[in-house]
Amino acid sequence: MESTVERLEFKSELRQVLHIITHSLYSHKEVFLRELISNASDAIDKIRFNSISNEALLEGNRDWKIKISVSKDARTLTVSDNGIGMTRESIIENLGTIAKSGTRAFLEALKAADASSRPDLIGQFGVGFYSSFMVADKVTVVSRMAGTPASEGVRWESDGTGEFTVEHVEKTMRGTDVIVHLKKEEEEFLDEWKIRTIVRQFSDFVEHPVVMDVEKKEEKETKTVEETLNSRKAIWLRPKSEVTEEEHEGFYQQISHNFDKPSKIIHYAGEGTHEFKVLLYIPSKKAFDLSFGDSKFGPKLYIRRVLIMDNCDQLLPPYLRFVKGVVDCADLPLNVSREMLQQNPILEKIKKNIVSKILKTLEEMKKTEYDAYLSFFKELGSILKEGLSRDWSNKEPLADLLLMESINTPRGSFTTFEQYVVAMPSEQKDIYYLTGESRSHIEHAPYLEALKGKGWDVLLFTDPIDEFILPSLQEYKGKRLKAADKADVELPDKKEHADDVKKKFAPLLNALKEKLNEVKEIRLSTRLKESASCLVSEEGAMGAHMERLMQRMGQMEGAEPGKRIMELNPEHAVVQLMLALFTKDAADARLENYGRLLYEQAVIAEGSKLPDPSAFARRVNELMANDLDRMIGYMTDQEEKNS
Ligand code: ADP
């Protein structure tokens, strides 16, 4: 057999790819190992399949294995497999041109991307075999096709510039060795610990064992043993019933880097036009990084057991960013580019399927494992709620997942929209709610007096996010959601005040409005029973709680806080006595003072801050002093009378 070395040129587009690989800086160089392991694993899959019809190919060896070995002296890292191997022709074809669509697409993406995002593209998708040139100044491939004689081995070598060489060599073992001659500055890839870490990180779930010889100290002597580095547990591909709780827990903790137990496991195979496996975990605790909006999310995307992306955010909406797991899709090309993933109809379909499955699972959990659901909701409910304002297609299932306090639920207990609606008396048309800082802040709010009088329930929303999602909710199963502190809310037994009452109070209200610049309007209230006054917002205007939230977020800079409508209770003694005083002396200065006090009380009742609290204290003290003065005067009179 001739043993001439043949020198060949890379095809021109491959030269471009190689040029970029060897001339740019990369952030994820270690992915070269993932790519080589993945190729080796594919080669084993191929022979495993081909040997079904031709057992001779096995040459008596079906001990599938991917072996990593290093030589510190030669500064080489070798990935060997006993897979299908390559002939001289196929090695020229496979490693000298871009045959596959993935690298072609990658090339397109490279052309489109600006220079700074190129390294990332390589990190995310790898460029297969060629990514070894990120760390190597030379790569040697020695291969022999299964079923051919040992003399048919082939040696391919290149420094990744313009050319490569091929020659025939002896190779006893079928399969392929890829020998990566590491650059001086990439020596760290010779390190056992480094290799272990990379394999665990990127190839842990490869089905075939990835092994390495390691030195083990046993009593006096050190032995070299072959150790399997990957756990090989593609547990999402195993039948659901075979995976133990411990395995799930370990896997969840490994992929999420969390330490809690998943509160729910979603494991199923997608049916229909696309073949995909899903294994998702709903955490029980809110992970630290979830509070930062910009953290990465989305399940790991595998294509036939090969990790493509650590966080595929095309598969989950941001409001489900707490969900961790794996999606393994058989219908995508392995070297799919980021661009291809972005508007990929297959991923869109899978996403829709996953989202509805998650929401259904949560609903089921709420019904059958309420306590677990409750603790999930307390931890992660505020993130889930974001979906109400973003995912219109799932508005109703999302609304059904809310747990809410209400004036009729005991403290710490919750109701749902469904339960609320069932309990609604037939005369009640709308769903009432009130937002505020905390339950104690709002449960005694004056707005609720008329509703409470009727025994109608009011939902209490106290999570800051609620204020932002409620406007998009608008209704639940045809019942409108009404804020109890909005001006034109429909109240039970809302009888307009009789004309003569309105007429009687009108001059007082007008006079007060003249003096009280801080309110937009003063009118008689139909919602108050015990309180003398309250402030309401116009429908569509920003409510008090929202205004406070915006202020806290620094969103009200320069904006005037909205003026509110003050409502007075004509049945309240204070309001009636003020009218009596007004009728006697419309110019009495006390009227303005008392009017302002009514306003200030209402400000406090709605949970807002008084612009000038000391002026309020002064006014209250003045009242107390007058009252005490009169009281003491009266007592002195009585004593004198009695003596
Ligand atoms: P990809 O694996 O995505 O097809 P690569 O550039 O990594 O792209 O590899 C190109 C081709 O070279 C592969 O499709 C395969 O046919 C062949 N190849 C690479 N590595 C091996 C290997 N270890 N054993 C057999 N064939 C291989």
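The values are calculated or read from the model by the stated rules, or taken from the named source; none is laboratory data. Worth saying up front: this structure is predicted, and the values here are computed from it rather than measured. No Cβ is skipped: glycine too gets one built from the backbone with ideal geometry, and neighbour counts run over all protein chains shown. Heavy atoms of the whole protein, side chains included, go into the accessibility calculation; ligands, DNA and RNA do not. Shrake-Rupley method; radii C 1.70, N 1.55, O 1.52, S 1.80 Å.
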### Message
Here are the criteria: (1) within 9 Å of the ligand (Cβ to nearest atom); (2) free of Cβ contacts under 8 Å to residues at least 40 places away in the same chain; (3) outside any helix (DSSP H, G or I). Tell me which single one MET86 does not satisfy.
### Response
(2)
### Task
Pull up the stretch 66-96, narrow it to residues that are more than 17 Å from LEU229 (Cα to Cα) and among the basic types (Lys, Arg), then point me to the one that is most open to solvent (accessible area, probe 1.4 Å).
LYS72
### Summary
Going through the stretch 450-480 in order, the residues found to be open to solvent by 20 Å² or more (accessible area, probe 1.4 Å) and more than 12 Å from HIS545 (Cα to Cα) are LYS452, GLY453, LYS454, GLY455, ASP457, PRO471, GLN474, GLU475, LYS477, GLY478, LYS479, ARG480
### Query
Which of the residues spanning the stretch 61-83 are away from the ligand (no atom under 12 Å from the Cβ) and in a loop (DSSP other than H, G, I, E, B)?
ASN61, ARG62, ASP63, TRP64, LYS65, LYS72, ASP73, ALA74, ARG75
### Task
Mind listing whichever residues of the stretch 235-290 are among the aromatic types (Phe, Trp, Tyr), more than 23 Å from LEU332 (Cβ to Cβ) and open to solvent by less than 60 Å² (accessible area, probe 1.4 Å)?
TYR252
### Query
If you go through the stretch 172-191 one residue at a time, do you hit one that is open to solvent by 10 Å² or more (accessible area, probe 1.4 Å), on the phi < 0 side of the Ramachandran plot and aromatic (Phe, Trp, Tyr)?
no
### Residue satisfying condition, being under 22 Å from GLU449 (Cα atoms) and part of a helix (DSSP H, G or I), within set ALA602, ALA580
ALA602
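Mind checking whether some residue in the stretch 168-181 is under 46 Å from the mean Cα position of the chain (by Cα), part of a loop (DSSP other than H, G, I, E, B) and either more than 28 Å from LEU229 (Cα to Cα) or more than 10 Å from the ligand (Cβ to nearest atom) (or both)?
No, that holds for no residue.
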## Note on the structure
Residue hits (the stretch 385-436; closer than 26 Å to ILE358 by Cβ and among the polar types (S, T, N, Q)) are SER389, SER393, ASN394, SER413, THR415, THR416, GLN419
### Query
Could you give every pair whose Cβ atoms fall below 6 Å, whose first residue belongs to the stretch 158-173 and is of a type in the set (S, T, N, Q), and whose second residue is open to solvent by 20 Å² or more (accessible area, probe 1.4 Å), counting only separations of at least 6 or pairs across chains?
THR165/VAL5; THR165/ARG7; THR165/GLU157; THR172/ALA150
### Task
Might you check whether a residue that is in the same structural domain as ASP45 (by TED's automatic domain parsing), away from the ligand (no atom under 16 Å from the Cβ), modelled with pLDDT of 95 or more and open to solvent by 50 Å² or more (accessible area, probe 1.4 Å) occurs anywhere in the stretch 214-222?
no
### Task
Among the residues of the stretch 12-50, count how many are modelled with pLDDT of 80 or more, more than 22 Å from GLU93 (Cβ to Cβ) and either part of a loop (DSSP other than H, G, I, E, B) or open to solvent by 60 Å² or more (accessible area, probe 1.4 Å) (or both).
3
### Residues within the stretch 481-512 that are within 20 Å of GLY540 (Cα to Cα) and open to solvent by less than 70 Å² (accessible area, probe 1.4 Å), tallied
9
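Could you run through the stretch 138-154 and say how many residues are open to solvent by 40 Å² or more (accessible area, probe 1.4 Å) and within 14 Å of the ligand (Cβ to nearest atom)?
The total comes to 2.
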#### Entry: Sole exception among (1) open to solvent by 70 Å² or more (accessible area, probe 1.4 Å); (2) at pLDDT below 90 for LYS515, by number
(2)
